[in-house]
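Asks: Please see the structure below; I have some questions.
The values are calculated or read from the model by the stated rules, or taken from the named source; none is laboratory data. The model shown is predicted, which means the values in this text are computed figures rather than measured ones. As a convention, Cβ positions derive from the backbone with ideal geometry for all residues, glycine included, and neighbour counts pool all protein chains shown. Each accessible area value is taken on the protein alone, full model and side chains, heavy atoms only, with ligands, DNA and RNA left out. Shrake-Rupley method; radii C 1.70, N 1.55, O 1.52, S 1.80 Å.
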Amino acid sequence: MDGAHSAGLQLQPFPTTSSSVSLSSSEGSFSYKENLIGALLAIFGHLVVSIALNLQKYCHIRLAGSKDPRAYFKTKTWWLGLLLLLLGELGVFASYAFAPLSLIVPLSAVSVIASAIIGIIFIKEKWKPKDFVRRYVLSFVGCGLAIVGTYLLVTFAPNSHEKMTGENIARHLVSWPFLLYMLVAIVLFCLLLYFYKEKNANSIIVILLLVALLGSMTVVTVKAVSGMLVLSIQGNLQLDYPIFYVMFVCMVATAVYQATFLSQASQIYDSSLIASVGYILSTTAAITAGAIFYLDFLGEEALHVCMFALGCLIAFLGVFLITRNRKKAIPFEPYISMDAMPGLELSVRGLC
């Protein structure tokens, strides 16, 4: 009996180890699939948004150069652009529910890449081959770098996949790292706002830092709202948690104030400069906020973190080169303020 009992005890660890390895493997596979779904939704959304905004821009330019007395919002092209815009934003919004915030935010570079290519093909004037190479070589180099950076971002993205339940979000909201981040962010925001309003410090860095700090909170709340909505659709109701409505109000408020500061910046600085500097500052602030609030990089290997950072830097350089070669576009007044939509502020400015 003792021998049999001893043998039984010796045999127990083997199936336990095997099941744990199998569970770890399945979790890793699940994380990769969720990352892939989120990345594809974000890429699809940004591509569709770029097409939509260029359609609307083409509509305005076409009406401005013709004797057509119709208002732009009475044309089929403009409404097609609006429908595609809503579809793209829905895709980007849904992507936050599947993949880590640190992966989704930098993928807005796809909008800049797509806008550059679409703008050259459909909106720019005719060119000679020599002029084309001279004028657009930087754009194509920038597109190549942005694509390489995007590939590295997707490949080495963090694999944090915590369910966006009301309890988890409330726990993160009162964690000391995030409270410390909020304290620093609020103090910095107040200082920047003081110099901007009282000292007339209209530097583009000052204005876009204000946008970036607001944007970091926008994407944190967007991920919470999106994740809770997806869980609710799947049958795990989260809409009865007060934290959902707190996050929703914060999401709308920060997006509206972002649009206000972006509008003020566009009256002073060239939109291409706003697109490149804004993308770099907003992405950096958003990744930092996501890493602190959602613990995106907790447990990640140092090599993966370094390669992810390298991907960000390459994407930053690519976006800078693309926007550096932009010419000022024909101005127009959009029917709606598209800047107010989460994740759209850089896409709109990147078109100009």
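Asks: Sort out which residues of the stretch 192-207 are open to solvent by less than 90 Å² (accessible area, probe 1.4 Å) and part of a helix (DSSP H, G or I), and write them in order of number. Give the derivation first.
Replies: Going through the stretch 192-207, the residues open to solvent by less than 90 Å² (accessible area, probe 1.4 Å) turn out to be 192-193, 196, 201-207.
Residues satisfying the conditions are 192, 193, 196, 204, 205, 206, 207.
Asks: When you scan the stretch 56-79, how many residues do you find that are in a helix (DSSP H, G or I) and either under 26 Å from residue 226 (Cβ atoms) or not aliphatic (A, V, I, L, M) (or both)?
Replies: Within the stretch 56-79, residues that are in a helix (DSSP H, G or I) and either under 26 Å from residue 226 (Cβ atoms) or not aliphatic (A, V, I, L, M) (or both) number 13.
Asks: Another one. Could you pull out the residue among 175, 203 that is over 20 Å from residue 287 (Cβ atoms) and among the hydroxyl-bearing types (Ser, Thr, Tyr)?
Replies: Working: 175 fails: over 20 Å from residue 287 (Cβ atoms).
None of the others qualify; the one that does is 203.
Asks: Separate question: Name the pairs: first residue in the stretch 229-258 and under 16 Å from residue 165 (Cβ atoms) and hydroxyl-bearing (Ser, Thr, Tyr), second residue open to solvent by 70 Å² or more (accessible area, probe 1.4 Å) and modelled with pLDDT of 90 or more, Cβ to Cβ under 9 Å, at least 6 apart or on different chains?
Replies: 241/167
Asks: A further question on this structure: Mind listing whichever residues of the stretch 65-119 are of a type in the set (S, T, N, Q) and open to solvent by less than 30 Å² (accessible area, probe 1.4 Å)?
Replies: If we filter the stretch 65-119 for residues that are of a type in the set (S, T, N, Q), which is where we start, we get 66, 75, 77, 95, 102, 108, 111, 115.
Those that are of a type in the set (S, T, N, Q) and open to solvent by less than 30 Å² (accessible area, probe 1.4 Å): 75, 95, 102, 108, 111, 115.
Asks: Continuing with the same structure: Confirm whether residue 122 is aromatic (Phe, Trp, Tyr), modelled with pLDDT under 80 and open to solvent by 10 Å² or more (accessible area, probe 1.4 Å).
Replies: Details: aromatic (Phe, Trp, Tyr): yes; modelled with pLDDT under 80: yes; open to solvent by 10 Å² or more (accessible area, probe 1.4 Å): yes.
Yes; evaluated as a whole, the condition is true for this residue.
Asks: On to the next question. What are the residue pairs meeting all of these: first residue in the stretch 285-298, first residue on the phi < 0 side of the Ramachandran plot, second residue open to solvent by 20 Å² or more (accessible area, probe 1.4 Å) and among the polar types (S, T, N, Q), Cβ atoms under 6 Å, and 6 or more apart or on different chains?
Replies: As it stands, the answer is 296/160, since those pairs meet every condition given.
Asks: Let me ask something else about it. State whether the residues of the stretch 129-137 include one that is modelled with pLDDT of 90 or more, out of contact with any Pro (no Cβ under 7 Å at 6 or more places or on another chain), in a helix (DSSP H, G or I) and surrounded by fewer than 24 Cβ atoms within 10 Å (Cβ to Cβ). Don't jump to the end; show me each part of the working.
Replies: Residues of the stretch 129-137 modelled with pLDDT of 90 or more: none.
No - not one qualifying residue is present in the stretch 129-137.
Asks: Shifting gears a bit: Please work out which one of (1) within 17 Å of the chain's Cα centre (by Cα); (2) over 24 Å from residue 245 (Cα atoms); (3) buried (at least 22 other Cβ atoms within 10 Å of the Cβ) is the condition residue 221 fails and give its number.
Replies: Every condition holds for residue 221 apart from (2).
Asks: Show the residue pairs that are 6+ apart or on different chains and have beta-carbon atoms under 9 Å apart, the first residue being within the stretch 311-337 and modelled with pLDDT of 90 or more, the second being in a loop (DSSP other than H, G, I, E, B) and open to solvent by 10 Å² or more (accessible area, probe 1.4 Å).
Replies: Close Cβ pairs (under 9 Å, with a partner that is in a loop (DSSP other than H, G, I, E, B) and open to solvent by 10 Å² or more (accessible area, probe 1.4 Å)) amount to 311/156.
Asks: Right, something else. Which one is nearest to residue 232 (Cα to Cα), of the residues in the stretch 152-174 that are part of a helix (DSSP H, G or I), at pLDDT below 90 and not polar (S, T, N, Q)?
Replies: Of all residues in the stretch 152-174, those part of a helix (DSSP H, G or I) come to 152-155, 166-173.
Within this subset, residues satisfying the condition of being at pLDDT below 90 are 153-155.
Adding the requirement that they be not polar (S, T, N, Q) leaves 153-154.
On the way: 153: 29, 154: 27 Å.
By that ranking, first place goes to 154.
Asks: A further question on this structure: Please tell me if residue 210 is at pLDDT 90 or above and under 14 Å from residue 285 (Cβ atoms). Step through it out loud before you land on a result.
Replies: Details: at pLDDT 90 or above: yes; under 14 Å from residue 285 (Cβ atoms): yes.
Criteria met by residue 210.
Asks: (1) aromatic (Phe, Trp, Tyr); (2) open to solvent by 20 Å² or more (accessible area, probe 1.4 Å); (3) more than 19 Å from residue 204 (Cα to Cα): which one isn't true of residue 293, the others all being true?
Replies: (2) is the only condition that residue 293 fails.
Asks: Another one. Is it true that residue 211 is under 22 Å from the mean Cα position of the chain (by Cα), open to solvent by less than 30 Å² (accessible area, probe 1.4 Å), farther than 22 Å from residue 32 by Cα and free of Cβ contacts under 8 Å to residues at least 24 places away in the same chain?
Replies: Details: under 22 Å from the mean Cα position of the chain (by Cα): yes; open to solvent by less than 30 Å² (accessible area, probe 1.4 Å): yes; farther than 22 Å from residue 32 by Cα: yes; free of Cβ contacts under 8 Å to residues at least 24 places away in the same chain: no.
Spelling it out, it is not the case that residue 211 is under 22 Å from the mean Cα position of the chain (by Cα), open to solvent by less than 30 Å² (accessible area, probe 1.4 Å), farther than 22 Å from residue 32 by Cα and free of Cβ contacts under 8 Å to residues at least 24 places away in the same chain.
Asks: Could you run through the stretch 154-169 and say how many residues are open to solvent by less than 40 Å² (accessible area, probe 1.4 Å) and either free of Cβ contacts under 8 Å to residues at least 12 places away in the same chain or more than 19 Å from residue 104 (Cβ to Cβ) (or both)?
Replies: Taking the stretch 154-169 first, the residues open to solvent by less than 40 Å² (accessible area, probe 1.4 Å) are 157-158, 160, 164-166, 168-169.
Checking which are either free of Cβ contacts under 8 Å to residues at least 12 places away in the same chain or more than 19 Å from residue 104 (Cβ to Cβ) (or both) leaves us with 165-166, 168.
Going through the stretch 154-169 one residue at a time, the tally reaches 3.
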